[in-house]
Amino acid sequence: WINDYITAFGPQGVIVLAYFFGSLFATQIRQNLGFFPFLEFTGEAGAGKTAVLEFLWKVMGRENYEGLNPTTSTNAGRYRTLNQFSNMPTSYLEGQSESKDAKKGRDDWLYELKSLFNGRSMRSKGLKTSGNDTDESPFYGSIVISQNVKIQADEATLTRLIYQHMTREHHTPEGKRAAIKLHGMEMEDVSSFLLQSIMQEKKVMEMILSKYPEYQKIVSSNERIEHSRVIDVHALLLAIFYALGQTWNIDYKTQNITQNHILKIAEDRQRDLDHDPDELQEFWYLLEDFMRGEIEINHSNNPRFELAINLNHIANLVRDTGLPFLDVPLLRKLLPNSKTFEFIDNKTVKSSINQKTTRCYVFKWNGEWK
């Protein structure tokens, strides 16, 4: 089924397959390299994201598996779920969606990834004994985050994620026929992939560990990629994909295309770190237009050095001027991680506009727009 899978889903789907393949050796990789990244997987409507995941869960021997929503689950629930498996992905669904719960900013699960990345426990659990015993079970698996919107988080979290967005650019008539064929396969037809892969553990690990330093040099030689962890996680993905290609005889053309695509998503991740998301950048453009139009938006009493903005105030201005709807919940998530202006605090200030106590997002400011 490998060739049908490549035909159906192209390099985007192959990268997801490589991640699932690498997850079968996550513990061994962490023992040798000290880390194993997580996969963030989004997709356009009709691009095939769901089809990819449904098929790969069959490959992993987990039919009708969906996953859990980390936003609505408890810390203890996630802890138990993550400790159920080793060397196997756990699926997080719509952790940062447009749902009501997501808008409350319940992103604790995102920051748990920092310790899980290195295989450490996400929490310390007290044991029911007469002493001070605790359970801090290591994390032995991997995590696939499947959702419709791109994750917005701090640099430390984003650099632990491999981001793959599924588009429709790979769609062809041949691919549609191949996808239909894959959909008709039963778990018994494809799940031998898991057994046959782990039986070659020694060979696979030798390939990954020998190729990893080589790919580190290749990724770091790209002037567009600077962050060391971005280099490390994508070099590891390249090494895993190399081992997948050698183990399952993936053709040279597909290997070349997919390797180039991995370098591209590494560049994209670096770009995420260097620039604000489009939604936040549009917000800054909006504020610049307001200020150039002499509309007062800066509540700071130190306007030469600080920019203090109240989102409800801006939303009312947007409504009154007939501009498109302002997504306030999304901006609440994005503003503290702004790259354009350095975030100071979300605090109450005595407004220079109306002399009332007003809660504002406060940024360093020199009176110029970047």
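The values are calculated or read from the model by the stated rules, or taken from the named source; none is laboratory data. Source: prediction; values computed, not measured. All Cβ positions, even for glycine, are placed from backbone atoms using ideal geometry, and neighbour counts span all protein chains on display. Accessible surface areas use protein heavy atoms only, side chains included; no ligands, DNA or RNA. Shrake-Rupley method; radii C 1.70, N 1.55, O 1.52, S 1.80 Å.
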Order His234, His171, most accessible first, counting only protein heavy atoms with a 1.4 angstrom probe.
His171, His234
How many Å² of accessible area per residue for segment 291-342, probe 1.4 Å?
57
Any idea how far apart Phe343 and Met291 come out in nm if each label point goes 7 Å out from Cα toward Cβ?
1.9
Quick one: check the C-alpha center-to-center distance for segment 1-42 versus segment 255-294, whole angstrom.
25
For the chain, longest principal axis from Cα atoms; helix 201-220 axis from its Cα atoms; angle between them, nearest 10 degrees, is 40
Partner aspartates and glutamates whose C-alpha sits under 17 Å from that of Lys114, ignoring same-chain residues fewer than 8 away, are Glu40, Glu136, Asp154, Glu155, Asp232
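Under a Cβ-only charge scheme (Lys and Arg +1, Asp and Glu -1), can you give me the dipole magnitude of segment 33-72 about the Cα centre, in debye to the nearest 20?
100
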With Cα coordinates, the longest principal axis of the chain makes an angle with the long axis of helix 278-292, in degrees rounded to 10, of 10
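Here are some pairs, Lys202/Lys253; Lys49/Lys150; Lys217/Lys264; which of them have Cα atoms lying more than 18 Å apart in this structure?
Checking Cα-Cα distances, Lys202/Lys253 exceed 18 Å.
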Largest first, what is the accessible-area ranking of Trp57, Trp369 with a 1.4 Å probe?
Trp369, Trp57
How much mean residue ellipticity at 222 nm does the chain get from its helices, if each DSSP H run of length 4 or more adds -39500 (n - 2.57) and you divide by all residues, to the nearest 500 deg cm²/dmol?
-15000 deg cm²/dmol
At a Förster distance of 35 Å, what's the computed FRET efficiency of Tyr252 paired with Ser137, Cβ-Cβ distance as r, to 0.05?
0.25
Using Stokes-Einstein with the Kirkwood hydrodynamic radius over Cα pairs, what translational diffusion coefficient do you get for the chain at 10 °C and a viscosity of 1.306 mPa s, in µm²/s rounded to a whole number?
70
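Rounded, prolate or oblate for segment 243-370? Axes are the square roots of the Cα gyration tensor eigenvalues, ordered a ≥ b ≥ c, and the cut-off for rounded is a/c under 1.5. Walk me through the numbers before you get to the answer.
Details: a/c = 3.36, a/b = 2.82, b/c = 1.19.
Cα axes put segment 243-370 in the prolate bin.
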Using Cα atoms only, what is the angle between the long axis of helix 311-320 and the major principal axis of the chain, expressed in degrees (0 to 90) to the nearest 10?
80
